[in-house]
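Peer 1: This is the structure I have questions about; it appears just below.
Coordinate-derived values only; no laboratory data. These numbers were taken from a predicted model, which means no experiment stands behind them. Cβ atoms come from the backbone with ideal geometry, glycine included; neighbour counts cover every protein chain shown.
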Amino acid sequence: MYFWYKPGKGFVIMHKLWASTYKEMILLTRDLGGIAILFIMPLLLLIVITLVQDSTFKTISDVRIPVLLVDNDQGEVSKNIIENLAESNSFEILLKNTEEEAKDAVFAGKYQLAIVIPENLSTSLQKKVNQNVGGILAKFGLEEDSLITPKETIPQKEVRLYFDPATQVSFKSSVKNGIDKMISKIETQSIYKTFQTELGEETEPIFDTENFIAFKEIRPTKGNKEIIPNSAQHNIPAWTLFAIFFIIVPLSINLVKEKNQGTFVRLRTTPVNYATVLGGKTLVYLVVCLIQFTLMLLVGIYLFPAIGLPGLDVSGKLAMLYLVALFSGLAAIGLGLLLGTIAETQEQAAPFGSTLVVILAALGGVWVPVFVMPKFMQLISKISPMNWGLEAFYDVFLRNMQFAEILPRILLLLLFFLTTTIIAIIYNQRKNAV
Amino acid sequence: MIQINQLSKKYKGAEFFSVKDLSLKVEPGEIYGLLGPNGAGKTTLISMLTSLLKPTSGSFTINGLNFKDNKNQLKQLIGIVPQEYALYPTLTAFENLQYFGSMYGIKGETLKKSICEHLEIMGLSKFSDKKTATFSGGMKRRVNLIAGILHQPKVLFLDEPTVGVDVQSKNVIIDHLKLLNKQGATIIYTSHHLNEAEVFCTHVAIIDNGEIIIKGIPSELIKNQTGANNLEDVFLVQTGKGLRDYA
């Protein structure tokens, strides 16, 4: 039995661990192409994704999207709709003569959206409002002759929307909501206006048509300063975590290579335990993760503002951020060690590892927030280490939480590392038992 | 030194035993050659004796110890030189040896001195800082040997240590093994080079189909085999001339 300290030989396992670490470090530094991929590709991923997401954001807020509009109404309501759309600063209105023409252009992908306002919308809306207002006034005995009309059935009118089939669901939802809100406002204003007319107040407005209920977003504060989240604070944790977990691929390939080149067979005949061999790999790859993280932070702090993206604010959070990165790295390494121990060939390890990372990222909420997932997937996401890491990063970056509050997530990540590593050791022990 | 009792190995799904009820005793200081055609079971036997493979049945002890109870003690006692080059191609010869030596607990100046001495003996001193990926087959074979003997094992297992090397490299390897044997190491060795085994080994066992078919001192085996002039003649009489292709 080997202990940490062996009389006459000193700290034997520490020496073996150091030798393993040193060997791994040399192996890694000799593969310059591999190092470049390990460090440059995640940075490229982060920059590209943030630029893409930032431009998507601008598409909705700053840049005007050309929208086709067919005005079959030619009345007050359609005029209102066109004015509101123009005022929203989100759309550039291009008028078309026929619905067919607009539909073909949108379905061909030339435009993202077409709005078709039906015939007689203004007249029908006014009739409907008159009918309803007249009904109400009659109940109060205030009804005048002008509004006493026989009860007529007014067919519902529909404003038709055509979307490019390639348009994303989130964009469609936000446009639908916006138009719905706008139409509701027009309807409400028509009702107020009709009431006012019927009550004989033509000059002075008697109704305040502005919304009475407003909303205000209250953000977390740090001291007296409000923490304003930006896309860098959302993107950097998510994609840094994604990159950290991609360490699974080179690490598992490293282990498989050991088996294929015969060095692992030699190691099995030496008095070194598998945990020590894995320990050396863990230490080196953990440093790689932390360097990756540092580079990501530097990009966020210095490069992003230089290329017009929102900069990353890490003030007062650095230690906690490194703590989360450290334990996220350990969780990823544990998974890599397990995969590399079980896989027999690089062809098994590489595609499985990379697909697994993508699945874990999807489950963890890197692409789609967990709260919008179906209930079942939300439950599954709770067991994704990437979710623990991401939430811990958000806790620090955006929720201004302290160490004690992120500790449960840190412990989960540590537990995940220990579990996967122990399974790898037991699997190796059983497989090679003599 | 080595006592093997009815050792057997049958691989999962295999029809036949690779090693069947094999018993053998190797005394301290012997150079024992395990000879046999391809697929005879030599590598399987060495793999079991070096803890790389679990026997199906039977047992063995080395210096009175077994792997079940004295794993690390035994691993420290034995040295293995596998048939494949078990080296990191992107590490230099020195770095490879430094790492494997460290795994035996050797460190500092002792390790450095031992590596330099062995590289000198094997004629590799001036290549110590070159990556093993650039080495010829013979050079890799010599580094492979050093990696198995740095910790001065009492028992040395060599699986075809001279396969695919030139005559010069072969001589260096064999001479060094003889020196180690003189210094007290017991050597178990497999080879297809019967002429080499005849002069190198103190004892040989010819294995076929997982069983020892004949064993003894090479000169006595030759003497006792009618019409045999060398070990190869004995080998062919005992194992036949049929090809031993297998997949």
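Peer 1: On a full-extension model of 0.36 nm per residue, what is the gain between A:Gln189 and A:Tyr427, subtracting their alpha-carbon distance, rounded to one decimal in nm?
Peer 2: 78.5 nm
Peer 1: Can you sort B:Ser136, A:Ser90, B:Ser47 by how many other beta carbons sit within 10 Å, fewest first?
Peer 2: Listing B:Ser136, A:Ser90, B:Ser47 from fewest to most nearby Cβ atoms yields B:Ser136, A:Ser90, B:Ser47.
Peer 1: Given points 7 Å out from each Cα along the Cα-Cβ axis, report the B:Asn72 to B:Gln6 separation in nanometres with one decimal.
Peer 2: My value for the distance between the label points is 3.4 nm.
Peer 1: Take the alpha carbon atoms of the stretch B:86-129, find their center, do the same for the stretch B:192-232, and report the distance between the two centers in whole angstrom.
Peer 2: Value for the Cα centre distance between the two parts: 35 Å.
Peer 1: While we're here: From Cα pairs below 8 angstrom and at least 6 apart in sequence, can you work out the relative contact order of the stretch B:2-239, rounded to a whole percent?
Peer 2: 28 percent
Peer 1: Can I ask one more? Between B:Glu120 and A:Val287, how many nm apart are label points set 7 Å from Cα along the C-beta direction?
Peer 2: 3.2 nm
Peer 1: Next up: Could you compute the FRET efficiency for A:Thr153 and A:Ser173, with r as their C-beta to C-beta distance and R0 at 41 Å, rounded to 0.05?
Peer 2: Taking R0 as 41 Å, the efficiency between A:Thr153 and A:Ser173 is 0.80.
Peer 1: Could you give each residue of the stretch B:226-236 its phi-based ³J(HN,Hα) in whole Hz, using Karplus coefficients 6.51, -1.76, 1.60 with θ = phi - 60°, and x for Gly or Pro?
Peer 2: My calculation for the stretch B:226-236 gives 4, x, 8, 9, 8, 5, 5, 4, 4, 4, 5 Hz in order.
Peer 1: For chain A, modelled as a GNM with alpha-carbon contacts under 10 angstrom, which of A:Ile213, A:Ile183, A:Ile49 fluctuates the most?
Peer 2: Result for chain A, Cα springs under 10 Å: A:Ile213 fluctuates most.
Peer 1: Please tell me the relative contact order of chain A in percent, rounded to the nearest whole number, where contacts are Cα pairs under 8 Å and at least six residues apart. Intermediate results must be reported in sequence, preceding the final value.
Peer 2: Details: 502 pairs, mean separation 73.0, N = 434.
17 percent.
Peer 1: In whole angstrom, how far apart do the alpha carbon centroids of the stretch A:329-364 and the stretch A:156-186 sit?
Peer 2: 42 Å
Peer 1: A follow-up question, please. Which far-off residues, 5 or more places away or on another chain, put their amide H under 5 Å from the one on B:Leu53, with H placed in the peptide plane?
Peer 2: Amide H to amide H, under 5 Å and 5 or more residues apart or across chains, B:Leu53 pairs with B:Met48.
Peer 1: A further question on this structure: How big is the antiparallel share of DSSP beta bridges in the stretch A:64-217, given as a percent to the nearest 5? Each step should come with its number before you reach the end.
Peer 2: Working: 4 of 15 bridges.
Counting only bridges with both partners in the stretch A:64-217, antiparallel ones make up about 25 percent.
Peer 1: Under 17 Å from the Cα of B:Lys10, which aspartates and glutamates turn up, not counting those fewer than eight places away in the same chain?
Peer 2: Answer for B:Lys10, where 17 Å is the Cα cut-off: B:Asp21, B:Asp208, B:Glu211, listed by chain and number.
Peer 1: Amide H to amide H under 5 Å from B:Ile31: which residues, 5+ apart in sequence or cross-chain, H placed 1.01 Å off N in plane?
Peer 2: Here B:Ile187, B:Thr202, B:His203 satisfy the definition.
Peer 1: I need A:Asp208, B:Asp21 ordered by Cβ neighbour count within 10 Å, fewest first.
Peer 2: Listing A:Asp208, B:Asp21 from fewest to most nearby Cβ atoms yields A:Asp208, B:Asp21.
Peer 1: Continuing with this model, one more query. Using a Cα-Cα cut-off of under 26 Å, which lysines could be cross-linked to B:Lys130, ignoring same-chain neighbours fewer than 8 residues away?
Peer 2: Output for B:Lys130: A:Lys16, A:Lys23, A:Lys257, A:Lys259, A:Lys281, B:Lys107, B:Lys112, B:Lys113, B:Lys140, B:Lys170.
Peer 1: Can you list the residues, at least 5 places off or on another chain, whose amide H is less than 5 Å from the amide H of B:Ile207, using H built in the peptide plane?
Peer 2: HN-HN under 5 Å from B:Ile207: B:Leu35, B:Gly36, B:Ile213.
Peer 1: Given Cα positions, please report Rg to Rh for the protein assembly as shown, the hydrodynamic radius being the Kirkwood one.
Peer 2: In the protein assembly as shown, Rg relative to Rh is 1.24.
Peer 1: Going through the stretch B:1-101, which GluC sites (Glu not before Pro) have at most 10 other Cβ atoms within 10 Å and a DSSP loop state?
Peer 2: Here the sparse-neighbourhood loop sites are B:Glu15.
Peer 1: Could you tell me the distance between the Cα centroids of the stretch B:19-80 and the stretch A:228-270, to the nearest Å?
Peer 2: Measuring centre to centre over Cα atoms gives 37 Å.
Peer 1: Taking 56 Å as R0, compute the FRET efficiency from the Cβ-Cβ separation of A:Phe215 and B:Ser57 and round it to 0.05.
Peer 2: Computed FRET efficiency for A:Phe215 and B:Ser57 comes out at 0.10.
Peer 1: What are the ³J(HN,Hα) values, in whole Hz, obtained from phi via the Karplus relation 6.51 cos²θ - 1.76 cosθ + 1.60 with θ = phi - 60°, for each residue of the stretch B:18-25 in sequence order, with x given for Gly and Pro?
Peer 2: 3J(HN,Hα) across the stretch B:18-25, in whole Hz: 7, 10, 10, 6, 8, 10, 7, 10.
Peer 1: Still on this model: With +1 on each Lys and Arg Cβ and -1 on each Asp and Glu Cβ, and nothing else charged, work out how big the dipole of chain B is about its Cα centre, in Debye to the nearest 20.
Peer 2: Roughly 660 debye for chain B.
Peer 1: Given only helices, namely DSSP H runs of n ≥ 4 each adding -39500 (n - 2.57), what is the per-residue ellipticity at 222 nm of the protein assembly as shown, to the nearest 500 deg cm²/dmol?
Peer 2: After summing the helix terms and dividing by residue count, I get -17500 deg cm²/dmol.
Peer 1: Would you tell me the mean number of C-beta atoms belonging to other protein chains that fall within 10 Å of each C-beta in A:270-277, as a whole number? Mind dumping the intermediate values first?
Peer 2: On the way: counts 16, 11, 7, 2, 0, 0, 1, 1.
The shielding value for this peptide is 5.
Peer 1: What FRET efficiency would be calculated for the residue pair A:Glu87, A:Glu347, taking the C-beta separation as r and a Förster radius of 51 Å, to the nearest 0.05?
Peer 2: Plugging the Cβ-Cβ distance into 1/(1 + (r/R0)^6) gives 0.30.
Peer 1: Work out from phi, with θ = phi - 60° and the Karplus expression 6.51 cos²θ - 1.76 cosθ + 1.60, the ³J(HN,Hα) of each residue of the stretch A:289-300, listed in order in whole Hz, and give x for Gly and Pro.
Peer 2: 4, 5, 5, 3, 4, 4, 4, 4, 4, 4, 4, x
Peer 1: Using Cβ contacts closer than 10 Å as the measure, can you line up A:Glu99, A:Glu158 from fewest to most?
Peer 2: Arranged by neighbour count, lowest to highest, A:Glu99, A:Glu158 become A:Glu158, A:Glu99.
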